[in-house]
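One structure is given below, encoded as structure tokens.
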Amino acid sequence: MSLPLSAVDGASRPQWLAGRLDGDSRAVLEAGIPKLCPKWTKTLEEAVSGDYEVWFGSGGYEVKARSKPDADAIAPGTYRTRGDLENCYWERLTKAGDIIDNNFASAAREITVTVQPSDGLFKSEGCGVWKPVG
């Protein structure tokens, strides 16, 4: 496995690494990273502990508070995406699937959305990577 220098596929480095920590690979990484890739030691510690910032790409995510990162859920809070955003669509939905708020940006440099605890789902397409604000 090669280790990326920055974010991968819309995930933070600890988030990306946590998705690869299963059984034997975890033991190998815990033994090897501190010796072979010391700059990844902090990332490994965050991935193992589950205490890291979770980023989101295109897709649909259930809104729920979580004690550990969950690839299928987004915690309530404010998120921002930046870059050359073209044809970005996002929506906040009720648990029944009704649209609470949405927007389509044909061109933007930055978009900020606040996901409320009462929301059921958050969906986006073509918006790049959503990162928590603050």
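Between helix 23-36 and the chain there is an angle of about 70 degrees, using the helix long axis and the longest principal axis of the Cα atoms.
With helices as the sole contributors, the chain gives -6500 deg cm²/dmol at 222 nm; each DSSP H run of n ≥ 4 counts as -39500 (n - 2.57), and the sum is divided by every residue.
Taking the Cα centre of region 57-97 as the origin and placing charges on Cβ (Lys, Arg +1; Asp, Glu -1), which of ALA96, THR81, SER58 is farthest toward the positive end of the dipole? After comparing all options, I get ALA96. I want the local charge near LYS95. Using Cβ-Cβ distances under 10 Å, sum +1 for each Lys or Arg and -1 for each Asp or Glu among the other residues. Local charge sum for LYS95: -3. Per residue, the convex hull spanned by the Cα atoms of the chain measures out at 113 cubic angstrom. Accessible surface calculations at 1.4 Å, restricted to protein heavy atoms, place the chain at 58 Å² per residue.
Taking Cβ separations below 4.7 Å as the criterion for a possible disulfide partner, the isolated cysteines in the chain are CYS37.
Got the relative contact order for region 25-78 handy, in percent, Cα pairs under 8 Å and 6 or more residues apart? Please report the intermediate quantities before stating the final value.
Working: 33 pairs, mean separation 11.7, N = 54.
Taking the mean separation of contacting Cα pairs over the length of region 25-78, I get 22 percent.
Note on VAL28/ALA71: beta-carbon distance plugged into 1/(1 + (r/R0)^6) with R0 of 35 Å gives a FRET efficiency of 0.95.
For the chain, the dipole from Cβ point charges (+1 on Lys and Arg, -1 on Asp and Glu) about the Cα centre works out to 380 debye, to the nearest 20.
Sorting check: for 20-31, 71-82, which peptide has the highest mean count of neighbouring beta carbons within 10 Å, and how do the rest follow? Walk me through the numbers before you get to the answer.
Working: 20-31: 11.8, 71-82: 16.2.
The most tightly packed comes first, giving 71-82, 20-31.
Contact order for region 36-134, expressed relative to its length and based on alpha carbon pairs under 8 Å spaced 6+ residues apart, stands at 36 percent. Roughly how many percent of the accessible protein surface of the chain is carbon and sulfur, given a 1.4 Å probe and a whole-percent answer? Answer for the chain is 48 percent, counting heavy atoms of protein chains only.
Could you pull out which residues in region 59-100 have an amide N less than 18 Å from a spot 7 Å beyond the Cα of ARG20, following the Cα-Cβ vector? Within reach of a label on ARG20: 71. Here region 96-111 is scanned for amide nitrogen atoms under 11 Å from the site 7 Å beyond the Cα of GLU86 along Cα-to-Cβ, giving 107-108. Charged neighbours of ALA107, selected by a Cβ distance under 13 Å, balance to -2 (K, R count +1; D, E count -1).
The values are calculated or read from the model by the stated rules, or taken from the named source; none is laboratory data. Here the structure is a predicted model, which is why all the values come from computation and not from measurement. Note that each Cβ is placed from the backbone with ideal geometry, even for glycine, and that neighbours are counted across all protein chains shown. With ligands, DNA and RNA removed, areas are computed over all heavy atoms of the protein, side chains included. Shrake-Rupley method; radii C 1.70, N 1.55, O 1.52, S 1.80 Å.
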